[in-house]
Every structure is written in C-alpha cells, then in structure tokens.
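Asks: Here's a structure for you.
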Amino acid sequence: MADEINGTSRQSTVASRRQSVTLRNNITDTALIFEGGGMRASYTSGFLNTLLENSLYFDYAAGISAGASNTVNYLSRDTKRAKKSFVDLVLEPEFGGWRSFIKGEGYFRAHYIYEETHYPDAALPLDFETFKSNPARLRIGAFEMDNGRMHYFTKNDINTVHDLAKIVRSSSTLPIFMLPTRFQGKTYLDGGLNSGIALDIAKKDGYKKFFIVLSRPRGFRKAPFKLPVIIKAYFRKQPHLADSLLNSHKKYNQTLDELEELENEGRAFLVCPETMPVTSMETNYAKLEESYKLGYAQGKRDLPHWKEFLEVK
C-alpha cells in the first residue's frame, strides 16, 4: 500500500506541473490490435513508432501480454518508451535472467518491470496524464487462473498509474517464468493462454475493420506441446491453466486463419515481421537493438500500404 500511495503521489506531483493535454484521433473505423510475444516486441515496437511518427492515431487499441505494453506506449504516444520497454530495459540489473529465475523471482522480474519502472525518476517513466487524456478505447486481455476465462480490462478499471501497472503485468505474466499477478482479488496470467490476439473483443465491441500488428512472420502457426503429460502433471492443481496451455495453439491458429480470411475480404491488414531475429526470452541488448531497427525500417518502407488500407493521406 505504501508503494501505491508514494507512487501515486510522485506521479501526481509531475502531473500537476503539466497543462492538461487534449488529444484527438484520426482513425475511428478500425481497431488497432497488438499481439504479444515477449521480447519479439522489440521488432513490433518499431512498427508502433512508425504509426506515432506519422500521426496515425487509432480511436481503439487492444493488446495482450507484450502487446499490452505496446498498447499503453501507443496511447501515451511515447516513442522513446516504446523502444526502451523492449530494448534498453534489459540493461537494468533488476530486469531478470536465469539467476533471478533460480532465486524464485522469475526469469523476468515482473514486479520490477511493471511496477517500479514507470515513475518519473525510474527506467521507463510513463506519461500517465497523456495516457488518460487519450480518448481512445482501451482493451487489455489477461487470463484468470482460477476459472480459465479471458478478462478484458478497460479504462474504467484504471484509477491510478498503479492500477495500470498491475493490469499490464496481469496480461504479461508468463506461466513458469514469471510469478502470477494478484489484482483486485483475482490471480492473473498471460493473456496469450487464450489466443494472444484480441480479435474477439474488438469484434464484440462492434469493429468490422482491423489493423493487426503480429510478432511472427506471415504463415506461422503454433504446434501443440510434444509432451502434454508433463504439463498436466506440473499444473495438476491448476486444471484450467493446464487445459489452456494444451489448447492455446488451436485458438491461436484459428484466430490467424480468421484474420487471413478477413484480409482476403479487405477488412484486415496484417503487419507481419519479415523475419524474427530474437526469441520471446531474448535478453541480449545488441540483438534487441537490431530487432527494433529491422521493425522500424520495415514500418517506414510499408507505410504507404498502411495508409492506403486506413484511407488516410
């Protein structure tokens, strides 16, 4: 509780020095959706910054897992934070790694990454006032561990920057490699345990047109776990989690099939990396920097096609 009070106080102090920000969005008929993918978001954050630098402002943004971080950085219109989140942050000693995993703190130290870095004097300062001022609708998906359901958070769930940090952490908590997240009386894990792509909620919210930022090259499909018996044994006390892990490839592949159908109908634009030089667990700064550069260069090159689909000049 002290962290929440102190953190909110520090954020409020900075906010009080700012004039109120009035933001407008120029793309109102299309849902922007960021796929997750862990550190593969180093590449897709290059796409994100291409959108921001060219004033392509969507009035609806949804994300899951690493895509939740991309969504927040997009809505706060912060190009520097977008890159730092998946490149520079690995240079911080508290970021994580195998030593942290062995100590029981998780391969990625979730509390530090999501709840300690967003303050003004920390590694990833978050402009919470700009985020709040953005009129775009927000959806962040997380997996409820106790019942196996997908929960989508909205701006109505966010009263403080601490709430936002907890929500993004909830969406991004990888099973095994990160400690589960407790928020408002529930336990959450990575939203990628569903499909990892928030197409379902965007459709439910009434959208017919979609701009999807994926973190795998075109044509990729997930394979099932080779040894399901190990998953069932490891998570025997969490049957919903075991079931979701064993079936996540089906949901993911079905979503990609649907997206390709929507693309053929002219209702979806799939932004896919041409290559993917890093894994979801990558912590090598040089590799992540190169990954970002590749994504940014591809975004700049493909920008005319994006604008044509979005019908903006």
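Here's the yes/no breakdown for (1) surrounded by fewer than 20 Cβ atoms within 10 Å (Cβ to Cβ); (2) in a loop (DSSP other than H, G, I, E, B):
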{"site": "Asp163", "(1), (2)": "yes, no"}
{"site": "Lys166", "(1), (2)": "no, no"}
{"site": "Phe177", "(1), (2)": "yes, yes"}
{"site": "Thr187", "(1), (2)": "yes, no"}
{"site": "Gly192", "(1), (2)": "no, no"}
{"site": "Ser195", "(1), (2)": "no, yes"}
{"site": "Arg216", "(1), (2)": "yes, yes"}
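Asks: Farther than 23 Å from Ser172 by Cα, open to solvent by 80 Å² or more (accessible area, probe 1.4 Å) and either in contact (Cβ under 8 Å) with a residue 40 or more places away in the chain or out of contact with any Ser or Thr (no Cβ under 7 Å at 6 or more places or on another chain) (or both) - does that describe any residue in region 252-262?
Replies: The answer is yes, given that some residue of region 252-262 is farther than 23 Å from Ser172 by Cα, open to solvent by 80 Å² or more (accessible area, probe 1.4 Å) and either in contact (Cβ under 8 Å) with a residue 40 or more places away in the chain or out of contact with any Ser or Thr (no Cβ under 7 Å at 6 or more places or on another chain) (or both).
Asks: Determine if region 80-99 includes at least one residue that is within 16 Å of the chain's Cα centre (by Cα), of a type outside the set (Lys, Arg), open to solvent by 20 Å² or more (accessible area, probe 1.4 Å) and farther than 30 Å from Gly206 by Cα.
Replies: no
Asks: Is there a residue in region 220-228 that is surrounded by fewer than 16 Cβ atoms within 10 Å (Cβ to Cβ), modelled with pLDDT under 95 and part of a helix (DSSP H, G or I)?
Replies: Yes: region 220-228 contains one or more residues that are surrounded by fewer than 16 Cβ atoms within 10 Å (Cβ to Cβ), modelled with pLDDT under 95 and part of a helix (DSSP H, G or I).
Asks: Scan region 108-145 for residues that are under 23 Å from Tyr207 (Cβ atoms), open to solvent by less than 20 Å² (accessible area, probe 1.4 Å) and in a helix (DSSP H, G or I) and report the count.
Replies: Total satisfying the criteria: 1.
Asks: Report yes if Lys208 is touching a Lys or Arg at 6+ places or on another chain (Cβ under 7 Å), over 19 Å from Gly148 (Cβ atoms) and in a loop (DSSP other than H, G, I, E, B), otherwise no.
Replies: When the stated conditions are applied, Lys208 passes them.
Asks: Cβ-Cβ under 9 Å, sequence separation 6+ or interchain: first residue in region 32-52 and farther than 23 Å from Ile176 by Cβ and open to solvent by 10 Å² or more (accessible area, probe 1.4 Å), partner modelled with pLDDT of 95 or more and among the polar types (S, T, N, Q). Which pairs?
Replies: Leu52/Asn73; Leu52/Thr79
Asks: On to the next question. Looking at this structure, is Tyr152 outside any helix (DSSP H, G or I), open to solvent by 10 Å² or more (accessible area, probe 1.4 Å), hydroxyl-bearing (Ser, Thr, Tyr) and within 29 Å of Lys203 (Cβ to Cβ)?
Replies: yes
The values are calculated or read from the model by the stated rules, or taken from the named source; none is laboratory data. Just so we're clear, the structure is a prediction, and the values are computed from it rather than from any experiment. Note: ideal-geometry Cβ built from the backbone for every residue, glycine included; neighbour counts use all protein chains shown. Just the protein is used for accessible areas: all its heavy atoms, side chains included, with ligands, DNA and RNA removed. Shrake-Rupley method; radii C 1.70, N 1.55, O 1.52, S 1.80 Å.
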